[in-house]
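Colleague: Take a look at this one; I'll ask things after.
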Amino acid sequence: MATSNKTFLVNCSIQKRPSYASDNSHHDNLPLFPAFKPLKKVLHEGPLQIEYVHKTMTNTAARLLDAFVDSFFEFIDQPLLPSQSNFAPVEELGEAILVTTIQGRIPDDFPEGVYIRNGPNPLFGGLKSTNSIFGRCSHTWVEGEGMLHALYFKRSSHGSWTILYNNKHVETDTYKLEKQQSKPLFLPVIQGDSPAILSSYLLNWLRFGKVNKYISNTNVFEHSGKFYSVAENHIPQEIDIFTLKTLKNWDVNGAWDRPFTSHPKKAPGTGELVTLGVSPTKPFAVVGIISADGKKLVHKVDLKLKRCSLCHELGVTQRYNVIMDFPLTIDLNRLLRGGPLIKYNKEEYARIAVMPRYGDANSIKWFEVEPNCTFHIINSFEDGHEVVVRGCRSLDSLVPAPDPSLMEFEWLSRCYEWRLNMQTGEVNERDLCGANVYYMDFPMINENFIGIRNRYAYTQVVDLIASSTQDVPKYGGLAKLYFEESCAEFSMQREKEQPEEAIRVECHMFEKNTFCSGASFVTRDGGLEEDDGWIIAFVHNEDTNISEVHIIDTNKFSGDTVAKITMPRRVPYGFHGAFMQISFQAH
């Protein structure tokens, strides 16, 4: 679901500390309370005695903190509205199961592979709030431990298809910690009363060495034949794509020690992976470039931003990196003053950075733009002297919640374009859909065109009626965007003051009370054109409570669905999906 806008939690750790695990108690070997370390210098007992005293004092302090939290903080389930029933978590299957019910036919030239989607699937029944002497704080709708949902397409030598489905939690360090204790441990720190958030922030750090759990619930990506789950409050987790088992954290052989964007991008031509890590303490934003083989961090640079912008995605072109410094910010000083930790402020500046691939803060060219919140970039590319950036732009943020004073639907995203002239510094902005009312997000393109000029893109389309009763959007259809074709009807009717025509938009809408998540573009085997392929998406009918996977031909986009695959279990709404071509020969 969600405007991953997901996932938008950033690692708020004040100090980096090692993770830990224990077979007996989660207090064994805690990396906490460094103030006790000088005891080793002043006590004259032997080393074993000193270690015993140190460990005893550390464990005692940890138990006192636990007792304080248990006494003064009460975990409460956040209720779901009836219209939010498919946001509720599901149980793990344990092993892949055969899918047998298909309406229509899987195309002969559909590639073998796995369609995989990430999304929040909270432990212990759902998202939590806490009441305490300091007030109330709550998890936001983008939180919840990541769960992968995977549909495997395997073709036999006779051309018939075998389809399997599996799901599994991403087992981050903090997931394993809470799972071991069989109860929620981390206090919410994003939304609520400032004193409650501040106390939760501090207590999480003192107890666990980190201020929030690692959710890894936003996206799945591939680099150099390996597969990763990610959310931008931590480094990625490597996943066994066949079993969905979590293998290890990926820190690029120890070279990357920061959060990691949910949307890293492969640089055109080189195959290097460009990433961005944002943090609420300096350095606020760091760009990294990882070698094409995934083994080495070849470039790392502090952008020297003056604030922590909650930047969910970055763009690439053939020569440049594109970073959005927009006024959705994480501010610890604001929290200390009694304000929110995360806030969108339309009165603050908004700008886009264009930096050479291996540049630094001094080589950035900045472009001031109208204040907005853009979580997702459709694509960016060079066009003569201009760098063109297209994205899904809104006038407010969905995290932690939209401003209730806004006009109806201003918090929803529309397709937008910025043209940045590298010679003159001029900026031209426009709403690509013009006066046509299309609210959309979760864009996707043919990945062979990332960073170069593309003609087509696809998005999930907001169902306004279904989204009007809650602060979470639902997506009742899909759209195909034709960037090099105008909307003929609008072109004839447009007024003189409308200088540019709206682009053509073709829609594929689902039946009533049916919504999608995690849509992805699948390239046709042997396809020659950019739009040769399919859109694949998880779809849920709220009237029947049945989940399906739909396959839609992108050349017959508004036509009938090619195949509808009935899922053997309900699949909750989630965030980003991807189709990975893989070989099953060794499995």
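The values are calculated or read from the model by the stated rules, or taken from the named source; none is laboratory data. This one's a predicted model, so the numbers in the text were calculated from it and none came from an experiment. Ideal geometry is used to build each Cβ from the backbone, glycine not excepted, and the neighbour counts take in all protein chains shown. Accessible surface areas use protein heavy atoms only, side chains included; no ligands, DNA or RNA. Shrake-Rupley method; radii C 1.70, N 1.55, O 1.52, S 1.80 Å.
Colleague: Among the residues in region 206-228, are any among the basic types (Lys, Arg), over 30 Å from Ala292 (Cβ atoms), touching a helix residue (DSSP H, G or I) at 6+ places or on another chain (Cβ under 9 Å) and surrounded by fewer than 24 Cβ atoms within 10 Å (Cβ to Cβ)?
Modeller: yes
Colleague: Something else: If I filter region 458-487 down to residues being outside any loop (DSSP other than H, G, I, E, B) and within 12 Å of Arg504 (Cβ to Cβ), which single residue comes out as most open to solvent (accessible area, probe 1.4 Å)?
Modeller: Here the residue is Glu484.
Colleague: Something else: Return yes when Asn379 is in a strand (DSSP E or B) and free of Cβ contacts under 8 Å to residues at least 12 places away in the same chain and no when it is not.
Modeller: In short, no.
Colleague: Against the conditions (1) assigned to a helix (DSSP H, G or I); (2) open to solvent by 70 Å² or more (accessible area, probe 1.4 Å); (3) touching a Phe, Trp or Tyr at 6+ places or on another chain (Cβ under 8 Å), where does Arg63 fall short? Just the number, please.
Modeller: Here Arg63 clears every test but (3).
Colleague: Now for a separate question. Taking region 238-249 as the region of interest, how many residues are open to solvent by less than 60 Å² (accessible area, probe 1.4 Å) and not in a loop (DSSP other than H, G, I, E, B)?
Modeller: So the answer is 4.
Colleague: Next question, about the same structure. Within region 422-453, which residues are assigned to a loop (DSSP other than H, G, I, E, B) and among the acidic types (Asp, Glu)?
Modeller: Glu426
Colleague: Here's a follow-up. Just for strands (runs of 3 or more DSSP E) wholly inside region 267-372: which have at least 1 residues that are of a type in the set (S, T, N, Q), over 28 Å from Ser199 (Cβ atoms) and open to solvent by less than 10 Å² (accessible area, probe 1.4 Å)?
Modeller: 273-278, 320-325
Colleague: Can you tell me which of (1) more than 22 Å from the chain's Cα centre (by Cα); (2) part of a loop (DSSP other than H, G, I, E, B); (3) of a type in the set (Val, Ile, Thr) is the one Val252 doesn't meet?
Modeller: (1)
Colleague: In addition: Quick one: Ile235 ticks every box in (1) touching a residue at least 24 places away in the same chain (Cβ under 8 Å); (2) part of a strand (DSSP E or B) bar one, so which box is it?
Modeller: (2)
Colleague: Which condition number does Cys392 fail, the rest of (1) outside any loop (DSSP other than H, G, I, E, B); (2) out of contact with any helix residue (DSSP H, G or I) (no Cβ under 9 Å at 6 or more places or on another chain); (3) open to solvent by 10 Å² or more (accessible area, probe 1.4 Å) being met?
Modeller: Looking at each condition in turn, Cys392 falls short on (3).
Colleague: Next question, about the same structure. Take region 542-578 and flag every residue that is charged (D, E, K, R) and farther than 27 Å from Ser216 by Cα.
Modeller: Matches in region 542-578: Asp543, Asp553, Lys556, Asp560, Lys564.
Colleague: Residue check, His44 against (1) assigned to a helix (DSSP H, G or I); (2) modelled with pLDDT under 80, all met but one. Which one?
Modeller: (1)
Colleague: Do we find that Trp161 is aromatic (Phe, Trp, Tyr) and buried (at least 21 other Cβ atoms within 10 Å of the Cβ) in this structure?
Modeller: Criteria not met by Trp161.
Colleague: So, in region 178-198, how many residues would count as being closer than 14 Å to Ser129 by Cα, open to solvent by less than 40 Å² (accessible area, probe 1.4 Å) and out of contact with any Gly (no Cβ under 6 Å at 6 or more places or on another chain)?
Modeller: 8
Colleague: Being open to solvent by less than 40 Å² (accessible area, probe 1.4 Å) and within 26 Å of Trp366 (Cβ to Cβ) is the filter here, so list the residues in region 428-440 that pass it.
Modeller: If the condition is that a residue be open to solvent by less than 40 Å² (accessible area, probe 1.4 Å) and within 26 Å of Trp366 (Cβ to Cβ), then Leu432 is the only one that fits.
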